[in-house]
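The values are calculated or read from the model by the stated rules, or taken from the named source; none is laboratory data. Only a predicted model underlies this, so the values are computations on that prediction, with no experimental measurement involved. Cβ: placed from backbone, ideal geometry, glycine included. Neighbour counts: every protein chain shown. Accessible surface is based on the protein model in full, side chains and every heavy atom, while ligands, DNA and RNA are left aside. Shrake-Rupley method; radii C 1.70, N 1.55, O 1.52, S 1.80 Å.
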Amino acid sequence: MDRYEQVTELARRRGFMWPAFELYGGAAGFYDYGPLGAQLKRRIEDAWRGFFVIREGFAEIEAPTIGIEDIFKASGHLSGFSDPLTECKECKEIYRADHLIKHIIEVPDALSDEEIYQVFQDNDIFCPECGGDLSTVYEFNLMFKTAIGPGNKHAGYLRPETAQGMFINYPRLLRYFRGALPFGAVQIGKSYRNEISPRQGVIRLREFTQAEAEVFIDPRDKTHPRFDEVKDIVMRLYSQAGQERGEVEEMTVGEAVEKGIIAHQTLAYYVARTYQFLQAVGVARDRLRFRQHKADEMAHYAADCWDAEVLLDRLGWIELVGVADRTDYDLKSHMALSQARLTVFVNYDQPVRREKLVIKPDMKSLGPRFKGQAKAIAEALKSLDMKELKGEGPIAVQVDGETVEVERELVSFEMVEEEIRGEELVPHVIEPSFGIDRILYTVLEHSYYEEMVEEEPRIVLRLLPRMTPVDVAVLPLMDRPELTAPAREILEALRSAGYLTDYDTSGSIGRRYRRNDEIGTPYCVTVDYETIEQGTVTIRDRDSMRQVKVKKEDLLGTVSGLLCCTQRFEDAGVAVSP
RNA sequence: GCGGCUGUGGUCUAGCGGUUAUGACAUGAGCUUCCCAAGCUCGUAACCCGGGUUCGAUUCCCGGCAGCCGCACCA
């Protein structure tokens, strides 16, 4: 049994997660989170909010999970998010149609399905497996389609990423942030992709949770004001060049930017924050690296993209996070389709002064004289240059193919000096995009430990404090009224203080410790006869299995200190000798 | 989607054309002043779904679903 199996089995058995719809046989690509899993997921999401909403000051929004057709026309998901497929008529093998003609056509993506099929016929392309005839080419779109309202007039699609919700709300977000760059918006929520063949449990789902941030920045300046805070962090980078050499390099964030390995400070800054976040939720540092997308796998809109990848036992290196510079691709696409202006006015450091020729046709005279033609004549006059204006005699302009003469005194002009304070530009977007389900699985796998204690295997989930689905368990040594009564008081006190607290009287104390080890409960509080006689309780540490005794009154303070890591367990109370 | 293998209580598993379908662990109730999966008593709980063959199918056959492996796919 490998680690993947051990972890998924534990997750199923103890209530973290399991395949959905089991009652009816199931459907691949969907998972349920159970009581512990839902809690753990929430804690991961809250930790993420701590990093991006609280510490970066980004705004969290919540957009619909169903999008209308125009959004995905603009984003490119409608055309680009589908793959052209073809099927062998003999052996029923399915192929990516464009892959079969790669050696003939340089950019097969540009062809329509019919054109690809034509290429098959012109070049005698048959099934690579059995040589059979290939079917016509059809599109398989990875978006789930639905209808909005009755009838089929108004198509809707389940969103394949949360990002678009931020892009299409750009004008309101810009206003919310008082019209100035940089600013960021985030969204945590479900996204949907109708994968052809989902495998690997929770790693490839048809419905999954994303946490995405879209950081809108000034395209002319991709430095980051807080870069100093992260520049000395050492990370394992697997750059494009490194991948060609098969070599992962350790270097500081600052060095990576200086050497041009990471494109710019802002991208590097979020790569570094991603690194910190993943460790803060319990991803093992020594099984984490950042891999740069190779030029050919980079999405068409991205300028640079780095994936956080983790090493998993059965699955190898798996992508958890993508940090991409999406440039102005998305805003420009939405601008083109919606006709809305998705720009920002950016002030120059210094206003620019420049001379400008202002031409004022005398409309009072031109209007009555030329009637309907007047407007066109005025426009023609305005486009004259200084030389033409300064000439002698009547001015001749071409309007609707005929030449019209206008007296020179009907056009006044002057050079004025104007001050330009800034310009409208389309922001660039830096996108850190997190797959929450994959992170959750990784945290479970990287926290999983097995050890032998007195010839018995002990399974421990070494989750970090505050990431656990249960903070503390209250355990009466025995299920007797004289012990359960004070235990219940302690339970209530801990719950009132806001801790996720479990209460368990069933089975022997050792068995209950093991149960809690398996779900990662960091501390167990045991109530025994000394609690009655001396007013003390025992706190037991998950990782060391050591115990200390503390006064009942001090319990709340001690537990809170232990859980936020300001209190060392060794100093938390009177050690109990094993 | 294709091919191969697999599907029995919560978990791991035995087994068979006719049984009251094993066993272990887990779990529930109880007993035991019991700090690391202790012991004892008594419980709860399963043949993936649908068709076919048969007097009778959990067992054989076909289809579906799911899992694993390989291929393809993974913006």
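List the pair-distance distribution P(r) of the stretch A:301-422, using every Cα-Cα distance, as the percent of pairs falling in each 10 Å bin from 0 up to the bin containing the longest distance, rounded to whole percents.
10, 21, 16, 19, 13, 7, 6, 5, 1
Please list, in order along the stretch A:308-317, the HN-Hα scalar couplings obtained from phi with the Karplus expression 6.51 cos²θ - 1.76 cosθ + 1.60 (θ = phi - 60°), rounded to whole Hz, x for Gly and Pro.
Result, rounded to whole Hz: 7, 10, 10, 8, 10, 4, 8, 8, x, 7.
With every protein chain left in place, what is the accessible area of A:ARG421 in Å² (1.4 Å probe, nearest 10)?
Ignoring ligands and nucleic acids, A:ARG421 comes out at about 130 Å².
Nearest 10 degrees is fine. How inclined is helix A:509-519 to the longest principal axis of chain A, computing both from alpha carbons?
So the helix axis and the longest Cα principal axis differ by about 10 degrees.
Hey, got the Cα dimensions of the stretch A:352-462 along the principal axes, in Å, largest first?
111, 32, 21
Within a Cβ distance under 13 Å of A:GLY67, other residues only, what is the Lys/Arg minus Asp/Glu net charge?
Here the charged neighbours net out to +1.
Taking the stretch A:190-267 as the region of interest, what is the percent of Cα-Cα pairs per 5 angstrom bin, listed from the shortest bin to the one with the maximum distance?
Taking every Cα pair in the stretch A:190-267, the percentages come to 3, 12, 15, 13, 12, 15, 18, 10, 2.
Under a straight-distance cross-link criterion of Cα-Cα below 25 Å, which lysines are reachable from A:LYS356, leaving out those fewer than 8 residues away in the same chain?
A:LYS364, A:LYS375, A:LYS382, A:LYS387, A:LYS390
What list of ³J(HN,Hα) values in whole Hz, one per residue of the stretch A:523-530 in order, does the Karplus curve 6.51 cos²θ - 1.76 cosθ + 1.60 (θ = phi - 60°) give from phi, with Gly and Pro shown as x?
Calculated HN-Hα couplings, in order: 9, 10, 10, 9, 9, 10, 5, 5 Hz.
Just reorder A:MET166, A:MET1 by solvent-accessible area, largest first, 1.4 Å probe, all chains present.
A:MET1, A:MET166
Just to confirm, what accessible area per residue do you get for chain A at 1.4 Å probe, in whole Å²?
Heavy-atom accessible area per residue stands at 50 Å².
Using a 1.4 angstrom probe with every protein chain in place, what is the largest-first accessible-area order of A:HIS154, A:HIS264?
If we order A:HIS154, A:HIS264 from most to least accessible, we get A:HIS154, A:HIS264.
Using a 1.4 angstrom probe on heavy atoms only, work out the carbon and sulfur share of the accessible area of chain A in %.
49
Bin width 5 Å, alpha-carbon pairs only: give the P(r) of the stretch A:3-56 as whole percents, running from 0 to the bin holding the largest distance.
5, 18, 18, 20, 15, 10, 8, 4, 1
Select from A:TYR138, A:PHE21, A:GLY507 the residue farthest towards the positive end of the dipole of chain A; place +1 on Cβ of Lys and Arg, -1 on Cβ of Asp and Glu, and compute about the Cα centre.
So the residue we want is A:GLY507.
For the pair A:LYS332 and A:ALA396, what calculated FRET efficiency results from E = 1/(1 + (r/R0)^6), where r is the Cβ-Cβ distance and R0 = 51 Å, to the nearest 0.05?
0.80
Charges on Cβ only, +1 for Lys and Arg, -1 for Asp and Glu, centred on the Cα centroid of the stretch A:470-576; of A:VAL574, A:GLY561, A:THR521, which one is farthest towards the dipole's positive end?
A:THR521
Say the cut-off is 20 Å between C-alpha atoms; which of A:LYS294/A:LYS332; A:LYS41/A:LYS552; A:LYS41/A:LYS190 go over it?
A:LYS294/A:LYS332; A:LYS41/A:LYS552
Beta carbons within 10 angstrom, averaged per residue: use that to sort the peptides A:18-27, A:170-179, A:461-470, highest first.
Most protected by this proxy first, the peptides run A:461-470, A:170-179, A:18-27.
Calculate, in nm to one decimal, what A:ARG408 and A:ILE359 gain on full extension: separation in residues at 0.36 nm each, minus their alpha carbon distance.
16.4 nm
Would you rank A:PHE208, A:PHE434 by solvent-accessible area, highest first, keeping every protein chain in place and using a 1.4 Å probe?
The residues order as A:PHE208, A:PHE434, largest area first.
What are the ³J(HN,Hα) values, in whole Hz, obtained from phi via the Karplus relation 6.51 cos²θ - 1.76 cosθ + 1.60 with θ = phi - 60°, for each residue of the stretch A:151-163 in sequence order, with x given for Gly and Pro?
Using θ = phi - 60°, the values come out as x, 10, 5, 10, 7, x, 9, 5, 4, x, 7, 7, 3 Hz.
Report, largest value first, the span of the C-alpha coordinates of the stretch A:470-576 along each principal axis, in whole Å.
Result, largest extent first: 35, 29, 28 Å.
Once the Cα gyration tensor of chain A is diagonalised, what are the square roots of 5 times its eigenvalues, in whole Å and ordered largest first, as equivalent ellipsoid semi-axes?
61, 34, 22
Using protein chains only and a probe of 1.4 angstrom, how many square angstrom of A:TYR448 are accessible, to the nearest 10?
So the heavy atoms of A:TYR448 present about 10 Å² to solvent.
With all protein chains present, calculate the accessible area of A:LYS371 using a 1.4 Å probe and round the result to the nearest 10 Å².
That residue has around 150 Å² of solvent-accessible surface.
Give or take rounding to whole Å, what are the principal axis extents of the alpha carbon atoms in the stretch A:226-339, in descending order?
Principal-axis extents of the Cα atoms in the stretch A:226-339, largest first: 48, 36, 31 Å.
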